[in-house]
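The values are calculated or read from the model by the stated rules, or taken from the named source; none is laboratory data. Worth saying up front: this structure is predicted, and the values here are computed from it rather than measured. All Cβ positions, glycine included, derive from the backbone under ideal geometry; neighbour counts span all protein chains shown.
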Amino acid sequence: MSSREDILKSIREHTQTRYEMPDLDSHELMTYPDKSEQFGIMLKQVGGEAVVLEEGADINKVIRDLYPDAQRIASDLPEIKIATFNPDDVAAAADLNGTDVAVIRGCLGVAENGAVWIEQNVKYRSLYFISENLVILLDKDKLVNNMAEAYLIVNTGKYGFGTFISGPSKTADIEQALVFGAHGARGVTVILE
């Protein structure tokens, strides 16, 4: 048994009280008349940017215009022709270091907080955190109002990992100095298709 499994086993053995998921039907949940607009507002508040892809627009040109100086662009999405490499072709996760932009697909977006659910669909999930900038392609029909609706849909995909990403990585020290990109991407752009 690995040390990870030992730790998880120990946690399970020492958990005294277990709690069931809350009854979401008993709460009045926020809904929004325009989920796209609310999502964009919330994403901007957390330091990200939402871009609505106009009909007929070239996704590759949009990304290049957003990040004109990017040298290393990672993506395994067939429609992303400006990618300079496929992240699944690297030998080790450390080889992703120095990625200027990673272009990935989000599964759903949450209007109430600007979060996007990402299911791991690349070999190394570190791509989502090691890239300087993250571009998330999201079908605007996959926006939900709130986290309660999101939890009914989320899945961890073939690799068994998923995460919500809401804007760039942020941290603040005791002196309240806010730093972007300390634990993940410095910039996050969600392109609503």
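Out of (1) among the β-branched types (Val, Ile, Thr); (2) at pLDDT 95 or above; (3) farther than 28 Å from Asn146 by Cα, the odd one out for Ile104 is which?
Unmet condition: (3).
Filter the stretch 144-153 down to residues that are touching a strand residue (DSSP E or B) at 6+ places or on another chain (Cβ under 9 Å) and buried (at least 16 other Cβ atoms within 10 Å of the Cβ), then give me how many there are.
Let us first name the residues in the stretch 144-153 that are touching a strand residue (DSSP E or B) at 6+ places or on another chain (Cβ under 9 Å), namely 144-147, 149-150, 152-153.
Next, only the ones that are buried (at least 16 other Cβ atoms within 10 Å of the Cβ) stay: 144-147, 149-150.
Summing the residues that are touching a strand residue (DSSP E or B) at 6+ places or on another chain (Cβ under 9 Å) and buried (at least 16 other Cβ atoms within 10 Å of the Cβ) in the stretch 144-153 gives 6.
Among (1) farther than 30 Å from Met30 by Cβ; (2) at pLDDT 95 or above; (3) surrounded by fewer than 17 Cβ atoms within 10 Å (Cβ to Cβ); (4) not hydroxyl-bearing (Ser, Thr, Tyr), where does Asp141 come up short?
(1)
Listed residues Lys142, Lys158; which is of a type in the set (Lys, Arg) and either more than 24 Å from Asp88 (Cα to Cα) or without any contact (Cβ under 8 Å) to a residue 12 or more places away in the chain (or both)?
Exactly one of Lys142, Lys158 is of a type in the set (Lys, Arg) and either more than 24 Å from Asp88 (Cα to Cα) or without any contact (Cβ under 8 Å) to a residue 12 or more places away in the chain (or both), namely Lys142.
Can you report the number of residues in the stretch 13-56 which are charged (D, E, K, R), part of a loop (DSSP other than H, G, I, E, B) and either within 28 Å of Ala148 (Cβ to Cβ) or modelled with pLDDT of 95 or more (or both)?
Total satisfying the criteria: 5.
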